[in-house]
Amino acid sequence: SFFPVAIDQCMCWNSGWQDVNLVVRYNLVSGVFALTPSVSFGTPTHSYEDIGEAALGRNLNEVRFTIDAGRQLDMISRRLIVSARYGYAVVQKAEDSAGNLVGSNRSNGAVEGTFLLSRRLAARAAWAWQVTHGGIASTEFNDDNFLLFARVLRDNYHHVGAGVSFSFPRVDVFARYITYVAGTDTHAGRAFT
């Protein structure tokens with residue numbers, strides 16, 4: 001079995017369709033410097049369970065506005081590339097049991113440095129962050145809004161990571177390690193991909 005536990009002993013596994021996303025991007029500038037804005041829309045595929053730690057998703061519509069930029073740093077080294085991303089998500093407000101609407105728009109950003117070790121092998125280092133605008137801090141939940149916990153939690157974090165990638169003619173193979181550095185009302189942990 002792929003999973004370490006053969007049976008759902010914790011009763012926490014959920015599987016199913018989550019959200020569908022449509023993304024439109026347009027490369028405005030390319031070359032040594034590249035600039036690509038995008039707009040995406042995400043919506044739930046169906047009315048799935050959104051309560052609990054193992055919920056499929058937040059069951060909310062989102063519109064995300066993102067800008068990606070990258071630059072070769074030839075003045076330092078022809079093998080060095082830096083890229084950055086900033087995105088702002090406008091998220092559908094969720095209603096608590098008292099009829100109050102709670103917003104949880106968010107900003108996400110990332111900066112990545114890439115060093116080309118050869119034509120096919122690259123080493124990377126990255127920093128990523130998220131700030132939730134609105135939402136509810138874990139200490140602010142009460143009887144009226146507790147069921148919104150997984151949907152509108154004020155999840156703020158900073159992650160750092162490093163990795164390597166190798167490019168074959170038709171596919172890239174990569175390994176990446178990401179770890180939590182700081183945050184509030186978020187998961188602390190590490191991931192190896």
Which ones in the range 85-136 are over 14 Å from the mean Cα position of the chain (by Cα), among the small types (Gly, Ala, Ser) and on the phi < 0 side of the Ramachandran plot? Ala94, Ser97, Ala98, Gly103, Ser104, Gly113, Ser118, Ala122, Ala123, Ala125
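Given the condition surrounded by 16 or more Cβ atoms within 10 Å (Cβ to Cβ), in a strand (DSSP E or B) and modelled with pLDDT under 90, answer yes or no: does some residue in the range 14-35 qualify? If you could, list the steps in order and put the result at the bottom.
Step one: filter the range 14-35 for residues surrounded by 16 or more Cβ atoms within 10 Å (Cβ to Cβ), giving 18-19, 34.
Now narrow it down to the ones that are in a strand (DSSP E or B): 19, 34.
Still in the running and modelled with pLDDT under 90: 19.
Within the range 14-35, one or more residues are surrounded by 16 or more Cβ atoms within 10 Å (Cβ to Cβ), in a strand (DSSP E or B) and modelled with pLDDT under 90.
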Counting only residues that are of a type outside the set (S, T, N, Q), open to solvent by 40 Å² or more (accessible area, probe 1.4 Å) and not in a strand (DSSP E or B), how many does the range 102-120 have? 3
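Could you look through the range 170-183, keep only residues that are open to solvent by less than 70 Å² (accessible area, probe 1.4 Å) and over 15 Å from the mean Cα position of the chain (by Cα), and pick out the one that is modelled with the lowest pLDDT? Full working, then the answer.
Taking the range 170-183 first, the residues open to solvent by less than 70 Å² (accessible area, probe 1.4 Å) are 175, 178-180, 182-183.
Of the ones still in play, those that are also over 15 Å from the mean Cα position of the chain (by Cα) are 175, 182.
Numbers: Ala175: 97, Ala182: 94.
Selected residue: Ala182.
Okay, residues lined up against (1) free of Cβ contacts under 8 Å to residues at least 40 places away in the same chain; (2) open to solvent by 60 Å² or more (accessible area, probe 1.4 Å); (3) not acidic (Asp, Glu):
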position	(1), (2), (3)
Asn100	no, yes, yes
Ala122	no, no, yes
Ala137	no, no, yes
Asn142	yes, yes, yes
Leu148	no, no, yes
Leu153	no, no, yes
Ser165	no, no, yes
Phe168	no, yes, yes
Asp185	no, no, no
Scanning the range 40-94 residue by residue, the ones that are touching a residue at least 40 places away in the same chain (Cβ under 8 Å) and either part of a loop (DSSP other than H, G, I, E, B) or surrounded by fewer than 16 Cβ atoms within 10 Å (Cβ to Cβ) (or both) total 11
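The values are calculated or read from the model by the stated rules, or taken from the named source; none is laboratory data. Nothing here was measured: the structure is a model prediction, and the numbers come from that model. Cβ coordinates were reconstructed from backbone atoms using ideal geometry, including for glycine residues, and neighbour counts include every protein chain displayed. Remember, those area values only see protein heavy atoms, side chains included, never the ligands or the DNA or RNA. Shrake-Rupley method; radii C 1.70, N 1.55, O 1.52, S 1.80 Å.
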